[in-house]
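Notes follow once the structure below has been shown.
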Amino acid sequence: MGGGTLVGMHEREFWELVEEVFGRTYGRSLARDQRMPKLANMTAVEALDAGEEPRVVWNVLCDQMEVPDSRRWGHDHNAPPMPVR
């Protein structure tokens, strides 16, 4: 898994949230296997590898999995700003 710094959210933070919100095993499986139509039908891993912003990938994954905003950012995380396009 990468660890690059991108605008607004680090990839490391993405993986921390995956584990906190979905659990380590299920979260990693979800990131590898769940296709996201809003991101060209890529998985989270594929989207990150393709250079998509971690925050965008996180929001799309959470939307698709119907994670409410109250749980989306975990206990110790603040929502980073959306990237400027």
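The values are calculated or read from the model by the stated rules, or taken from the named source; none is laboratory data. The model shown is predicted, which means the values in this text are computed figures rather than measured ones. Cβ sites come from the backbone with ideal geometry, for glycine too, and all protein chains shown count toward neighbours.
Among what's in region 53-85 and is of a type in the set (Asp, Glu) and surrounded by fewer than 19 Cβ atoms within 10 Å (Cβ to Cβ), pick the residue that is modelled with the lowest pLDDT.
Asp76
Give the residues of region 14-41 that are crowded, with 19+ Cβ neighbours inside 10 Å and over 19 Å from Glu66 (Cβ atoms), sorted by residue number.
Of everything in region 14-41, just one residue is crowded, with 19+ Cβ neighbours inside 10 Å and over 19 Å from Glu66 (Cβ atoms), namely Trp15.
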